[in-house]
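Here, each number is a calculation from the coordinates, and none is a lab measurement. Just so it is clear, the structure is predicted and the values come from calculations on it, not from any experiment. Don't worry about glycine lacking a Cβ; one is built from the backbone with ideal geometry, like all the others, and counts go over all protein chains shown.
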Amino acid sequence: MRDVSKLFPRGPKPLERKITVLTCYDFMFARILEDSGVDCILVGDTLGVVYQGQPTTLPVTLDEMIYHAKAVRRGAPNTFIVVDLPFLSYQVSLEEGIRSAGKVMKESGCDAVKFEGGGPEMLELIYKLERIGIPVMGHIGLTPQSVNVFGGHKIQGKAEEDKARLISEAKGISDAGAFSIVFELIPSALAKEISESIPVPTIGIGAGASTDGQVLVIYDFLGLNKGFKPKFLKTFMNGYEDVSSAVKNYIQEVRNGSFPGPGHSH
């Protein structure tokens, strides 16, 4: 059993070490992440964009999330795995949110769920889920399922009103019982202020270096998402060019007859 309290300790800041999180959607990458020692894998609804080619995360279904989460669990049996609840799988009613979270936990074998927002309905859902044994990771700032309300992927928390709202949401999510909160696309100074004011670990993406950990989308992290270069992203390899070069070499060798050679034939 993977202990959430050890990986995401509630209490004084800063933590002894930063928490590393990467998204993942399949068996092969999950196996690499576990073998490499990543702390936590997030099966994010970003799979709608980077895996399915959708314009937003909104079309992703609960069954699709479970399908991918099961594959990730098979690849990373010993890693702490969090699964996103997709759009409209938890917002309709408290009962629907509990049912969706329970279905994900039962069918995927994950360790926790994540969902967006810090309004009263979301806080009640966090409270209820924690009481029935389902750990919850919160998510504030730029919440992609609300992209149509925000008018695009824009930094949140610049205006004083928005800043106050994010501070209130973070405190509410922490008080409701979430074990961690993702901060997405908020100013680094605000992320630092909120992170230091709440006892639960914070995970940043586009929120500066003062959060308790970081998360990136694996295809972005590996440089596979051609043309995607937001300010917050650092690519740790040139994956698109490396894969493209390998494919071109394969095409050339098949066409000129050098592959398969004697060493590749029975």
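Run down the aspartates and glutamates and flag those whose C-alpha is under 18 Å from the C-alpha of residue 229, throwing out any fewer than 8 positions away in its chain. Excluding near neighbours in sequence, the set is 184, 220, 241, 242. The distance between label points at residue 63 and residue 92 comes to 1.4 nm (points 7 Å beyond Cα on the Cα→Cβ vector). For segment 181-209 versus segment 215-266, the inter-centroid distance based on Cα atoms is 34 Å. Each of residue 54 and residue 147 was given a label point 7 Å from its Cα along the Cα-to-Cβ line. The distance between the two points is 1.0 nm.
The alpha carbons of the chain give a radius of gyration and a Dmax of 19.7, 70 Å, in that order. Between 36, 55, 203, the Cα set farthest toward the positive side of the dipole of the chain (charges on each charged residue's Cβ, about the Cα centre) is that of 36. Ordering 108, 21, 244 by the projection of their Cα atoms onto the charge dipole of the chain, which places +1 on the Cβ of Lys and Arg and -1 on the Cβ of Asp and Glu, puts 244 at the extreme positive end.
Applying 1/(1 + (r/R0)^6) with R0 = 25 Å to the Cβ-Cβ distance of residue 258 and residue 74 gives a FRET efficiency near 0.10. Assuming R0 = 51 Å, can you tell me the calculated FRET efficiency for the pair residue 228 and residue 131, based on Cβ-Cβ distance, to the nearest 0.05? Once rounded, the FRET efficiency stands at 0.80.
Relative to the current alpha-carbon distance between residue 244 and residue 106, full extension at 0.36 nm per residue lengthens the span by 45.8 nm. Between segment 11-43 and segment 156-171, what's the alpha-carbon centroid distance in Å? Using only Cα atoms, the two centres lie 27 Å from each other.
Assuming 1.306 mPa s and 10 °C, estimate D for segment 80-179 with Stokes-Einstein, Rh taken as the Kirkwood radius over Cα pairs, in µm²/s. It diffuses with D of about 114 µm²/s by this estimate. In this label model, residue 265 and residue 17 are separated by 5.1 nm, measuring between points 7 Å along each Cα→Cβ vector. With the helix formula -39500 (n - 2.57) applied to DSSP H stretches of n ≥ 4, the chain reaches a computed 222 nm mean residue ellipticity of -12500 deg cm²/dmol. Pairs with C-alpha atoms separated by more than 23 Å, drawn from the list 13/171; 18/192; 18/154; 103/234, are 18/154; 103/234.
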